[in-house]
């Protein structure tokens, strides 16, 4: 029997490695930008065409490479960052595995032009599918110029599963922003199809944040600063009123490397406890500086997941830092010993002996004397008159139980039955089996979701005009998210004009939206849609409908008239799926008579 185990060719091994490292065009942007940062660049330019399908070009003014290094850089596990296994325990650079360039060259056509400052000429290397096609002397400026063309040209299955240009570009922008936030002292620029998306000058962290997310964020930033022997924490958290319903502006950096850390994210959320409602997420930009020997970054190919040696201690320090920052800016109640207001406490004169307070008592008072309280019979009669009568009214309109076996719609709301609203959140209605409790916001979400979905499927374009056209300024990533769903928004009743520079003029919005400004509803809808992106099974129309329903549904705390509650219930039970909200949460709950009876046993 012949041997069956064989070594894979380098080209095949590189494509396998590319499957872990290069998942989409944004992965190429991330790896090349990190290499430029490690090369000591002071300026990094990123040029994209067709969302990375046609071209991804990263130009820097870093140290550059020699002729030998330029060729060797594309070999697997070739790196200038580590020399021995011991170096893995004190990593301070971004890239160190030596897989990025080899993986990129395995699935694309790559051109590299590079020159060191001390060299008179540079080097040109052309590689296609891991095969070196050309290496020669060229003229170029100091630094490196990587041009990645026709990504996944030799892996058609991977290219086929790329998303739309707007989606892929949004991922590229997100990766660009993460690296730009980690290095505010470096100048960055991003262009797509000859259009400038970002131009970020050198500056401090606050300037970099406002340059990316808009000047309005500047007034919402609260400084966080803590130094300990375990970790140094710096950065900013945003005020509670700037919190959003969707994730997207939560950034952790460990030693200037973007990381994802759900455990530490919980520490920040705990810091905002009892300040924010449970359905919103605070924004933050937090930088952790830890001894490199106390952190392991070599646990995931993308290097975004790390392990801290003192994770529990860092959690407690971070949580305390967030609370201290909120208290320092009077976001949470705190004693202010520096206030100018004070109590006027008179000084006791010398020799004055204060007199004890005089307490008046009534020795004849008898708490058990019958005349001091109403007779028992009178108390019972008063309770029956004031309370029990109301309960009789509650059930007087309830139909008698039908005969066993007779067809009936169990627990349906009966017209004329009295409804109650509890805490501006729930609607309570007596039914045959007990009490029916309805979450008013989720019920409205379900109603609007089915209405919007029907409009999207039928192509209905009706909407209500705004009194004044409202201009909305979006972030770069949110703008391309909007471009993805613009057609569906138009079908649901929106009318808008793209003014350029990420400015949208809202002219009309769905007629079912009541008591809301068009611009505010538009922003709320975009935020709700971003929270729907984690649902990989949902179609775009369903996501848009769910986002619009979440943005337009009546809020908790709104007091409803009896007629409004009746109409809401009628519309809810006319829906195809009245029991669950678009997010799959329960809308209706029945408290049975057995459950009520158990409370009085």
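Conditions (1) surrounded by fewer than 18 Cβ atoms within 10 Å (Cβ to Cβ); (2) not in a helix (DSSP H, G or I), marked per residue:
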| site | (1), (2) |
| --- | --- |
| 119 | yes, yes |
| 190 | no, yes |
| 198 | yes, yes |
| 207 | yes, no |
| 210 | yes, no |
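Please go through region 185-201 and pick out each residue that is touching a strand residue (DSSP E or B) at 6+ places or on another chain (Cβ under 8 Å) and either touching a residue at least 60 places away in the same chain (Cβ under 8 Å) or closer than 30 Å to residue 320 by Cβ (or both).
Answer for region 185-201, where residues must be touching a strand residue (DSSP E or B) at 6+ places or on another chain (Cβ under 8 Å) and either touching a residue at least 60 places away in the same chain (Cβ under 8 Å) or closer than 30 Å to residue 320 by Cβ (or both): 186, 187, 188, 189, 190, 191, 192, 193, 197, 198.
State yes or no: is residue 542 touching a residue at least 60 places away in the same chain (Cβ under 8 Å) and touching a strand residue (DSSP E or B) at 6+ places or on another chain (Cβ under 9 Å)?
Working: touching a residue at least 60 places away in the same chain (Cβ under 8 Å): yes; touching a strand residue (DSSP E or B) at 6+ places or on another chain (Cβ under 9 Å): no.
For residue 542, the condition - touching a residue at least 60 places away in the same chain (Cβ under 8 Å) and touching a strand residue (DSSP E or B) at 6+ places or on another chain (Cβ under 9 Å) - is not met.
Does residue 270 fit the bill of being assigned by TED's automatic domain parsing to the domain that holds residue 217, within 15 Å of residue 224 (Cβ to Cβ) and surrounded by fewer than 20 Cβ atoms within 10 Å (Cβ to Cβ)? Talk me through it step by step, then tell me what you get.
Working: assigned by TED's automatic domain parsing to the domain that holds residue 217: yes; within 15 Å of residue 224 (Cβ to Cβ): yes; surrounded by fewer than 20 Cβ atoms within 10 Å (Cβ to Cβ): yes.
Taking the combined requirement at face value, the residue satisfies it.
Those residues that are over 17 Å from residue 319 (Cβ atoms) and in contact with a helix residue (DSSP H, G or I) (Cβ under 7 Å, 6 or more places away or on another chain), I need them from region 258-282; list them, please.
The one that is over 17 Å from residue 319 (Cβ atoms) and in contact with a helix residue (DSSP H, G or I) (Cβ under 7 Å, 6 or more places away or on another chain): 258.
Quick one: is residue 101 farther than 30 Å from residue 539 by Cβ, in the same structural domain as residue 35 (by TED's automatic domain parsing) and modelled with pLDDT of 85 or more?
yes
Could you check region 51-68 and list, in sequence order, the residues that are in a strand (DSSP E or B) and out of contact with any helix residue (DSSP H, G or I) (no Cβ under 6 Å at 6 or more places or on another chain)? Talk me through it step by step, then tell me what you get.
Applying the first criterion (in a strand (DSSP E or B)) to region 51-68 yields 55-60.
Correct list: 55, 57, 59.
Can you confirm whether region 17-25 contains a residue that is closer than 24 Å to residue 304 by Cα, in contact with a helix residue (DSSP H, G or I) (Cβ under 7 Å, 6 or more places away or on another chain), modelled with pLDDT of 90 or more and assigned to a helix (DSSP H, G or I)?
yes
Using the structure shown, decide if residue 82 is in the same structural domain as residue 185 (by TED's automatic domain parsing), at pLDDT below 65 and surrounded by 15 or more Cβ atoms within 10 Å (Cβ to Cβ).
Numbers: in the same structural domain as residue 185 (by TED's automatic domain parsing): yes; at pLDDT below 65: yes; surrounded by 15 or more Cβ atoms within 10 Å (Cβ to Cβ): yes.
Against the criterion (in the same structural domain as residue 185 (by TED's automatic domain parsing), at pLDDT below 65 and surrounded by 15 or more Cβ atoms within 10 Å (Cβ to Cβ)), residue 82 qualifies.
Report whether or not residue 142 is over 27 Å from residue 256 (Cα atoms) and surrounded by fewer than 20 Cβ atoms within 10 Å (Cβ to Cβ).
no
Please go through (1) at pLDDT below 85; (2) surrounded by 14 or more Cβ atoms within 10 Å (Cβ to Cβ) for residue 4 and return the number of the only condition it doesn't satisfy.
(2)
Can you tell me which residues in region 121-156 are under 17 Å from residue 35 (Cβ atoms) and outside any loop (DSSP other than H, G, I, E, B)?
122, 123, 125, 127, 143, 144, 145, 146, 147, 148
The values are calculated or read from the model by the stated rules, or taken from the named source; none is laboratory data. If you're wondering where the values come from, they're calculated on a predicted model, not measured in any experiment. Note: ideal-geometry Cβ built from the backbone for every residue, glycine included; neighbour counts use all protein chains shown.
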